[in-house]
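Below is one structure; the comments refer to it alone.
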Amino acid sequence: MIGMFGVFLSTQIQTTVLGLQVYELARRTSSVSDAAWQVGLVGLAEAIPFLSLTLFGGWASDRWDRRILSIVGLLGLSSGALWLVLVNLEEPTSTLPFLAIQALAGAARALFRPAAAALGTELVPRELYTNAATWRTNLFQIATVSGPAVGTLLYAEVGAIWTYTVMTAGFMLGLSGLVVIRSTRRPTPNVAPILSSLREGIGFVFTNQILLGALSLDLFAVLFGGATALLPAFALDVLGAGPEAVGWLRSAPAVGALAMGLWLARKGPFRRTGITLFGCVAAFGVTWIAFALSPYLWLSLALLAAGGALDSVSMVLRATLVQVHTPPELMGRVLAVNSFFIGSSNELGAFESGVAARLLGLVPSVLVGGCLTVATVGITAALTPRLRKLDRLQG
């Protein structure tokens, strides 16, 4: 948990500060829409290697030692962090190095995410999956609150070099945590060829209506409704705030999510799980519609916090559904499919936001995205009656 906090914190710093740096660099010579497009390209640079390799990462985590695979992935992330330090030794004049670094991060996360997530299921008993997923989510949200704020504060006060140095130290903390633990189980050796093995994991998800519905809901909701990549543009050019406001806006969803997560940890087992999941995702889309129309920083922060609280519920529900409905021998591959869906929504969502902002304009692109999220909820609910009618998460 301590090691993962270091990884989560550094990832948030990298995403926030790198996006802000790219936006500022592009804004010197481009319009708001074109600068937002450049930020979107950062998401695409990460998405291509991540989506290309993440299913292989899941296969590998079912075949080999998940702790070792997690360490290898973190070494890749640490290399990218050191590269960012070197890039900023002189004033950068091009966004291309930042795109290359995000591509490296995408490849490293393709190996790290499924292996680390599957490793987590080895460390707690099955009856504690929901509670463990809630606390892992809380830990992630604490990092998501503090990472953007710490990153933008460091960036404003001491510059990019020291900011990325702190980020590198966070990845080192993650490596230290993985080195000292010892998992209680090992993956069952998988002797099937890689393609047939991957088809087994993908086929399991696509024939399970509950898992497919939950993952699809997350994919399209964040793909259309989440516009976090555009927050630098909103902070600097819509709300008229300074660079530190980027950190506040990035942290606001995590503040709401953390508050909700702490409440969920005390609440106990869910009832009416399906209806709760669909309702939270629909309301999440509505918060982004309102955010697009907000003229005030305080109101924008409140709306993002509300959206984060709603998203926290769906994160806990999805994580628990995957763990409860997946056999241990398939966990790595199914979690890789889960990462593929999440990676599609997050990284491709950043690219989609940049494209939409360039074509429609900054504010209209977020309005349309929020409306599409609400529509997605209705379509998914109609197509997945088993998920819609699901009552208890476990048994």
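The values are calculated or read from the model by the stated rules, or taken from the named source; none is laboratory data. The shown structure was predicted, so the numbers you read here are calculated from the model rather than taken from an experiment. Note that each Cβ is placed from the backbone with ideal geometry, even for glycine, and that neighbours are counted across all protein chains shown.
Close Cβ contacts (under 7 Å, 6 or more residues apart or on different chains) running from residues in segment 211-240 that are closer than 17 Å to Pro364 by Cα to residues that are acidic (Asp, Glu) comprise Leu223/Glu352. A search for C-beta distances below 6 Å between a residue of segment 285-303 that is surrounded by fewer than 22 Cβ atoms within 10 Å (Cβ to Cβ) and any residue that is part of a loop (DSSP other than H, G, I, E, B), counting only pairs 6+ apart in sequence or on different chains, returns Leu297/Leu239; Leu297/Ala241. Among the residues of segment 143-164, write down those that are at pLDDT 80 or above and over 10 Å from Gly247 (Cβ atoms). If the condition is that a residue be at pLDDT 80 or above and over 10 Å from Gly247 (Cβ atoms), then Ala143, Glu157, Val158, Gly159, Ala160, Ile161, Trp162, Thr163, Tyr164 are the ones that fit.
Limited to segment 41-59, what total is found for residues that are farther than 22 Å from Phe98 by Cβ, crowded, with 18+ Cβ neighbours inside 10 Å and out of contact with any Pro (no Cβ under 8 Å at 6 or more places or on another chain)?
Going through segment 41-59, the residues farther than 22 Å from Phe98 by Cβ turn out to be 55-59.
Cutting the leftovers down to crowded, with 18+ Cβ neighbours inside 10 Å gives us 55, 57-59.
If we keep only those that are out of contact with any Pro (no Cβ under 8 Å at 6 or more places or on another chain) too, we end up with 55, 59.
Going through segment 41-59 one residue at a time, the tally reaches 2.
Scanning segment 135-184 for residues that are more than 16 Å from Gly3 (Cα to Cα), hydrophobic (A, V, I, L, M, F, W, C) and not in a helix (DSSP H, G or I) returns a single hit, Val158. Taking the criterion of being under 22 Å from the mean Cα position of the chain (by Cα), modelled with pLDDT under 80 and surrounded by fewer than 20 Cβ atoms within 10 Å (Cβ to Cβ), the residues of segment 249-275 that qualify are Leu262, Trp263, Ala265. Taking each residue of segment 41-66 that is in contact (Cβ under 8 Å) with a residue 60 or more places away in the chain and farther than 25 Å from Leu330 by Cα and looking for partners that are part of a helix (DSSP H, G or I) and basic (Lys, Arg) with beta-carbon atoms closer than 9 Å, six or more apart or interchain, yields Glu46/Arg109. Looking at Ala241, Ala305, Ala227, Ala282, just one residue is more than 22 Å from Ile379 (Cα to Cα) and within 21 Å of the chain's Cα centre (by Cα), and that residue is Ala305. Being buried (at least 17 other Cβ atoms within 10 Å of the Cβ), in contact with a Pro (Cβ under 6 Å, 6 or more places away or on another chain) and in contact (Cβ under 8 Å) with a residue 40 or more places away in the chain is a property that holds for Gly308.
Could you say whether any residue in segment 359-376 is closer than 16 Å to Ala282 by Cβ, crowded, with 17+ Cβ neighbours inside 10 Å, of a type in the set (Gly, Ala, Ser) and more than 21 Å from the chain's Cα centre (by Cα)? Checking segment 359-376: not a single residue is closer than 16 Å to Ala282 by Cβ, crowded, with 17+ Cβ neighbours inside 10 Å, of a type in the set (Gly, Ala, Ser) and more than 21 Å from the chain's Cα centre (by Cα).
In segment 21-54, the qualifying residues are those that are in contact with an Asp or Glu (Cβ under 6 Å, 6 or more places away or on another chain) and of a type outside the set (A, V, I, L, M, F, W, C), and the one that is modelled with the highest pLDDT is Glu46.
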